[in-house]
Amino acid sequence: TALLEALHDTRGSTAAMSYVARISLRGLTPDSVTYMIMLKNCCRKSAPDLEAAKLWLRKAEDRIRREGLDEETWSEVAPLHRRIEVLYAILMTGYSRVGRLKDMFSLLGVMRSRGIRLNQNIFSILMNACMKFSPYGVEECRQLLRIMQRMDIEPVTANYNLLIQGYGRSAQLTSALRVANRMREANIPWDQWTYFHLINAVVGSGQVELSLRLLAKMRKDGVRPTASHYTLAFVGLAQAGFYEDAARVFRRLASIRGLATRFSYNMMISVNTRRGEMEAAEETCREMEEEGFDMDAMTFRTLMEGYTNKRDYFKVVELWRRCQQCRSRFEAVIRDPSVTGAARFEAFQRLNDAQAVSSWRRCYFYMIDACVYTDDWYRGVKVMEEMIRKGLPPDSQRHAQMLKECSPEVKSMLPPGAFTELEDAGKYELAELRLSVSQQMEWRRTLPNLSTKEILQGQIWKGDQPQSLHTILTSRSRSRPREINSVDLPNLYTPLLVPPHVFCANFSPEWIPGDSKGSDPTSSRSRFEIVDAVLDGGTVNSKEAYRIVHDFHHATSHRRKLEALHLPENSNVLARRVPESPATLRRLFAQFGRPGERNSPVFVFLRPSTMDLQALLALLALGAEHPGQVFLLEGPEEALEDGMVRLGDQCRSQQYADALLSYALISMIQSLPGAVLVNAQLMITASTENLLSERPEDFEISLRRTLHQTQTAAFDAPTWGSWLSRQKLRQLVRCGPGDVGVRLDGVLHQPAVSKAELFRVRSLREEEVAVDLWLEEQNALFEFI
């Protein structure tokens, strides 16, 4: 029963029904909770299966009544009538999703005839459906409140909130305040939704100054305002012309760490563009990116609309390049088979959500207009063709002339009636798209004419900044130097810093060590011979160390900070978390096989900075020889310092006396992946000493820092199961240092902790994975799926 809901979420309702059937075939009678879960699964879909839901309701009700005969099976928390109430509430929710109001009231009569006690939740579902689907929603909600009072059912905050919402939508501020005052008199507390609907009511009725008083009263009553409250207030103030008050409310919102959202920043950008203050809009956009929110379709649409209204079409063209990069990044995430399900889903939403599609379409429209106004008709046609290829519909009247000049291939993608609409739009004036010659000349006279002196003083347009990433797992690109789109001339001769390991890897290994101590000019051992020598107790000379750095860098330059590992069926991954030495590597490879040998597993080594120098060089040589079978994972930043110091001391020892080698190895360790994703379901990463007490939000911040990601507000995930579900992962393995051990969290099982030095990951059918972990308390090896 515990697996049933997760099975429905991952594989659908058919698999869940088959699972229930298998339970019966094994001689186990499904309990009422099983039937209740199946009922909920049928009703919570966007298109609920109501016939199947009624069948499961009858089964669940019959089973509950039979279980009720045995008093020992019932607890005081969930008596018989309470469970039956929940069943009918779930079915009523299914009816409300499709707007079947008559069936909902019929179900209400059935409940009364069967003696099922009605509660506030049932009436909340009814009132919500009336407000959503009935043209007389306010009157019906008010009548339902009267019915509740006659039936001695005390209304709660949610019931009154729906009535306040209805009055607010119809701009009946007096009635909304009267209901709110009635709640105060009845000692019914106001919650966040009460204040939200009241602020919406005062904004809709034109009394926007009352929104500031409501925000102050909200804080005074101990109810913390959310981003939605602040956003609704400053947008209402801006619509009424109180721009200074709107800016003050937004600054208050932005000053509360982690409260502002991307939508809040976009709305403030829209307020600035409507006023024509594009500098303020750009400043707000920069603040949004500093907070970790990247620009989306709504941001680009708002900015391009503002520049179009100011007839600054060259700025529109400049923004278009960044808009294309943003959209291409989302499309690359969708096509990338190695990203997580959460990243792919979010990228899909950012491209194909109804509001996003409308914003992307408007961006193309503004760019086409900018091409026409800047006398670049050919580019406008190309943008039009690109828009059609992306599946965004053009405006048959606005773009009639350009559509005629598109290629035959693009015209074939248009709907069948598009050509008829083009012929009907023959009277469309081309002058509406193109500026007159006098307007063109006037615009050219307004262009800035900067001298060389002004350019050297920094009065040039800055290029765009690289975009930040939208979730911890969306982009998993390897750390690269920042892309330079524009050059600030005063700093033109400032040298760019190159990581030492990249510097060493781009020169021949024969050039770097020279006559350094310990190098052997005649040495020409292969990587295989070097590994054999280290495992037998030998050492690696300086020239060989530089060659290993060179070979490993070029063999693994494709790797990302969050590396994806596709594990074929019946394959294994062996992960080690302890500091390695030549002796431990010799025992490990003797037991499980060396990389490259037949049936040897894939090896994942964590915290390479804590390893012995010779063991580290041997693993780098194996990684260069077999990059698909050896993975080294960097640990958290706070755990790297001590290991780096020890590694540097070994490189500067009497054997090497080479500071450059220590810099190269430390730089290479810092560039290693921070986590590995096995079959897009299991994540393996290193953790800090707070392994057992670490919260999901703290882990996310630490993981973002390890993956060199932009710091954004952490997701609201109170448990590890909810965090994994949000990231569309099934399991997470965090490896702590020393005696801290390993912790395994999963969606379908309880957390497990082990002190073992290693654990194994096995690939099952359909790309599923299982983790084998030794549990000291049971003194046995357990499998977790």
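Could you report the stretch 109-265's accessible area per residue, 1.4 Å probe, as an integer in Å²?
Roughly 51 Å² per residue, with all protein chains present.
At a 1.4 Å probe radius, which order do His708, His501, His558 fall into by accessible area, largest first?
Of His708, His501, His558, the descending order of accessible area is His558, His708, His501.
Provide, for q = 0.22, 0.24, 0.35 Å⁻¹, the log10 of I(q)/I(0) from a solvent-free Debye sum over equal Cα point scatterers in the stretch 591-631.
Values returned for q = 0.22, 0.24, 0.35 Å⁻¹ are -0.71, -0.82, -1.23.
Let's test the formula: R0 of 56 Å, r as the Cβ-Cβ distance of Asn599 and Ser134. What FRET efficiency results, to the nearest 0.05? Mind showing how you got there, number by number?
Values: r = 67 Å, r/R0 = 1.20.
With R0 = 56 Å, the Cβ-Cβ based efficiency is 0.25.
Let me see the P(r) profile for the stretch 715-785: every Cα-Cα distance counted, bins of 10 Å, each bin given as a percent of all pairs.
With a bin width of 10 Å, the distribution comes to 19, 49, 29, 3.
Whole-Å semi-axes of the stretch 108-203's equivalent ellipsoid, largest first, each the root of 5 times a Cα gyration tensor eigenvalue?
Numbers: eigenvalues 113, 46, 21 Å².
Working through the eigenvalues yields semi-axes of 24, 15, 10 Å.
Going through the cross-link list Lys132/Lys728; Lys132/Lys217; Lys54/Lys102, which pairs have a Cα-Cα distance over 23 Å in this structure? It would help to have the intermediate numbers written out before the result.
Values: Lys132/Lys728 32 Å; Lys132/Lys217 29 Å; Lys54/Lys102 16 Å.
Where the Cα-Cα span goes over 23 Å, the pairs concerned are Lys132/Lys728; Lys132/Lys217.
Over the Cα atoms of the stretch 555-706, what radius of gyration and what Dmax do you get, in Å?
Cα only, the stretch 555-706: 15.7, 48 Å (Rg, Dmax).
Over the alpha-carbon set of the stretch 278-402, divide Rg by the Kirkwood Rh and report the Rg/Rh ratio to two decimals. Walk me through the numbers on the way to the answer.
Values: Rg = 15.1 Å, Rh = 15.3 Å.
When Rh is taken as the Kirkwood radius, the ratio is 0.98.
Beta carbons within 10 angstrom, averaged per residue: use that to sort the peptides 772-780, 189-197, highest first.
Descending mean neighbour count gives 189-197, 772-780.
Taking 30 Å as the cut-off for C-alpha to C-alpha distance, list the pairs among Lys561/Lys755; Lys315/Lys404; Lys45/Lys561; Lys310/Lys390; Lys40/Lys755 that go past it.
Pairs exceeding the cut-off: Lys45/Lys561; Lys40/Lys755.
With Cβ to Cβ distances under 14 Å as the rule, what net charge do the other residues near Leu588 carry (K, R +1; D, E -1)?
Every neighbour counted, the sum reads +2.
Count the net charge of all other residues whose Cβ sits under 12 Å from the Cβ of Ala233, scoring Lys and Arg as +1 and Asp and Glu as -1. Don't skip to the end; give the middle numbers.
Working: positive: Arg213, Arg248, Arg252; negative: Glu209, Asp245.
Charge balance in the 12 Å sphere: +1.
Tell me, what does the Kirkwood hydrodynamic radius of the stretch 27-70 come to in angstroms if you use every pair of distinct C-alpha atoms?
10.8
How do Ile37, Ile199 rank by accessible surface area computed with a 1.4 Å probe, from largest to smallest?
Ranked from most to least accessible, the order is Ile37, Ile199.
Considering the alpha-carbon set of the stretch 309-371 alone, what are its Rg and its Dmax in angstrom?
When restricted to the Cα atoms of the stretch 309-371, Rg and Dmax are 13.8, 43 Å.
Let me spell out the model: positive unit charges on the Cβ of Lys and Arg, negative unit charges on the Cβ of Asp and Glu, origin at the Cα centre of the stretch 220-313. What dipole size does that give, in debye rounded to 20?
Roughly 360 debye for the stretch 220-313.
Counting Lys and Arg as +1 and Asp and Glu as -1, what is the net charge of the other residues whose Cβ lies under 12 Å from the Cβ of Asp296? Could the numbers behind the result be given before it?
Values: positive: Arg262, Arg301, Arg322, Arg327, Arg329, Arg350; negative: Glu289, Asp294, Glu346, Asp353.
Charge balance in the 12 Å sphere: +2.
The values are calculated or read from the model by the stated rules, or taken from the named source; none is laboratory data. The structure displayed is predicted, hence computed values, not measured ones. Quick reminder, even Gly has a Cβ in these numbers, built from the backbone with ideal geometry, and neighbours come from all protein chains shown. Side chains included, ligands, DNA and RNA excluded: accessible areas come from the protein's heavy atoms. Shrake-Rupley method; radii C 1.70, N 1.55, O 1.52, S 1.80 Å.
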